[in-house]
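Here's the structure we're looking at; comments come further down.
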Amino acid sequence: MPVDELKRNTTRGGPVSIFCCRNALLAFMLAALPANPAMAQEKITIGITNAATDAGFFIADKKGYFRAEGIEVTTTPFASAAGMIAPLGRAQLDVGGGTVAAGLYNAVEHGIQLRVVADKGSVTEKLEYSTLVIRRDLLDSGRYRTLSDLKGMTLAVASPGSGSESSLNEALKKGGLKFGDVKTVYMGFPQMLLALINRGIDGCVTNEPTLTRALREGAAVRASKDVIYPGQQTAVVLYSEDFAQNRRPLAQKFLNAYIRAVRDYNDAILDGRLAGPHAAEIISILTASTEIKDRETYARMNAFAVDPDGGVNVGTMDNDLKFFQQRGLVSKNMTVGQIIDKSFADEAVRVLGVYGPK
């Protein structure tokens with residue numbers, strides 16, 4: 001276009017002036033955007049018990065694994081996993097973390113669809129963070145020597161139809177006793193320590209950190225030198241049906257981040273405690289995220305086991321279920337297979353690879 005014609009078009013609002021206006025508008029719109037727009041974060045609600053076994057959730061959050069998957073988490077504390085069941089059923093919670101108790105099976109049988117998707121805590125031969133303890137004075141006096149001496153004692157567990165109740169049953173069986181051979185009482189784990197000190201109970205099935213505190217303060221001793229219930233699945237990750245079914249891609253991203261986190265936790269374990277590489281970082285996350293603010297407690301207590309590939313122990317879950325059914329707490333129609341969904345953990349391992357210690 002000749003120069004004089006270009007000038008005429010510019011003056012009259014022709015093609016060049018329109019082009020310039022469009023570019024100016026585009027530049028204005030771009031300037032209004034953030035220089036480095038962050039990826040939109042999808043929100044997920046998690047029910048927790050503020051226990052050490054919530055470590056996978058805390059680590060994934062603090063180390064940015066959830067953010068890397070485009071996830072923003074909100075945690076809501078519950079006194080126990082039983083309190084999470086109704087909110088999970090109503091899709092008020094997306095994820096829950098707690099024990100596999102009789103109430104979970106009953107909820108599923110009554111139409112509240114929940115899925116166990118990954119391990120959150122278990123007992124192994126080397127990592128016994130939950131076990132039966134007996135008052136030290138009973139050992140000193142000779143009243144207690146072996147598991148057969150449990151007969152007639154008053155023993156505490158967390159609640160009826162709980163994993164700790166099934167663990168007590170395993171101890172009694174090893175002592176040649178039946179569940180009815182002892183008086184069973186129910187209380188929270190922190191209250192068990194006070195009951196031991198005051199001699200209100202003869203023993204209890206407790207977990208960390210109450211276990212280490214009871215032993216360290218001389219209030220109790222382990223009831224057995226051997227692990228009483230190796231492999232027991234004490235805690236799991238639960239998905240609501242709405243989250244698993246209607247938000248499946250997001251549910252998968254969540255578990256990918258969680259598996260990365262529990263692998264970091266496993267890497268921090270050495271000789272049964274949080275004493276390995278990067279243990280200081282993991283302990284800092286736990287003290288910042290749980291009600292236990294004493295680093296020494298986490299450093300000295302027995303670490304819990306958690307499968308770095310997310311697998312759950314179906315065998316011990318089935319054993320616990322049979323115990324609940326024998327006591328009439330769960331219908332004979334229920335099976336472990338009705339609550340387990342391995343697909344998310346399997347996909348996480350496909351994406352991340354099979355775990356190998358660092």
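A few notes on this one:
- Scattering profile of region 91-221 at q = 0.14, 0.15, 0.19, 0.21 Å⁻¹ [log10 I(q)/I(0), Debye over alpha-carbon scatterers]: -0.67, -0.75, -1.09, -1.27
- Set of lysines with alpha-carbon distance to Lys126 below 24 Å, sequence-local pairs under 8 removed: Lys173, Lys174, Lys225, Lys358
- Over region 201-242, the alpha carbon radius of gyration divided by the compact-protein estimate 2.2 N^0.38 Å works out to 1.61.
- Note that region 110-126 has calculated 3J(HN,Hα) couplings of 8, x, 8, 7, 10, 10, 7, 10, 6, 6, 10, x, 8, 9, 10, 4, 9 Hz, one per residue in order, obtained from phi through the Karplus relation 6.51 cos²θ - 1.76 cosθ + 1.60 (θ = phi - 60°); glycine and proline are x.
- At 1.567 mPa s and 4 °C, Stokes D of region 176-223 from Kirkwood alpha-carbon radius, µm² per second: 114
- Dipole magnitude (debye, nearest 20) for the chain, charges at Cβ of Lys, Arg, Asp, Glu: 220
- Under-5 Å amide H pairs with Ala305, H placed in peptide plane, nonlocal only: Ser122, Thr124, Tyr129
- Evaluating 6.51 cos²θ - 1.76 cosθ + 1.60 at θ = phi - 60° for every residue in region 148-162, the Karplus couplings come out as 5, 7, 5, 3, x, 7, 9, 10, 9, 9, 5, 6, x, x, 9 Hz, glycine and proline recorded as x.
- Placing unit charges on the Cβ atoms only, positive for Lys and Arg and negative for Asp and Glu, gives region 130-222 a dipole magnitude near 180 debye about its Cα centre.
- Pairwise centroid distance, computed over Cα atoms, of region 338-355 with region 173-237, Å: 33
- Proximal charge balance of Arg67 [Cβ under 15 Å; K/R count +1, D/E count -1]: +1
- Note on region 63-179: dipole from Cβ charges, positive end direction compared against Gly96, Leu150, Phe78; the farthest Cα belongs to Leu150.
- Within region 214-358, the percentage of alpha carbon pairs spaced more than 19 angstrom apart rounds to 65%.
- Dimensionless Rg over Rh [the chain; C-alpha; Kirkwood]: 1.20
- Karplus-based coupling profile of region 232-242, in residue order and whole Hz: 4, 7, 8, 8, 9, 9, 10, 10, 6, 5, 4, with θ = phi - 60° in 6.51 cos²θ - 1.76 cosθ + 1.60 and x standing for Gly or Pro.
- Farthest towards the positive end of the charge dipole of the chain, among the residues Phe304, Leu250, Leu194, is the Cα of Leu194, using unit charges on the Cβ of Lys, Arg, Asp and Glu.
- Label sites at Asn198 and Gln41, each approximated as a point 7 angstrom past Cα along Cα to Cβ, lie 4.3 nm apart.
- Nearest-ten-degree value, helix 248-267 long axis tilted from longest Cα axis of the chain: 60
- For the chain, relative contact order (Cα pairs under 8 Å, six or more residues apart, normalised by length) works out to 23 percent.
Bear in mind these aren't lab numbers, they're just calculated from the coordinates by the rules spelled out. Quantities reported herein were computed from a predicted structural model and do not represent experimental measurements. Because the Cβ atoms are built from the backbone with ideal geometry, glycine has one as well, and the counts that use them run over all protein chains shown.
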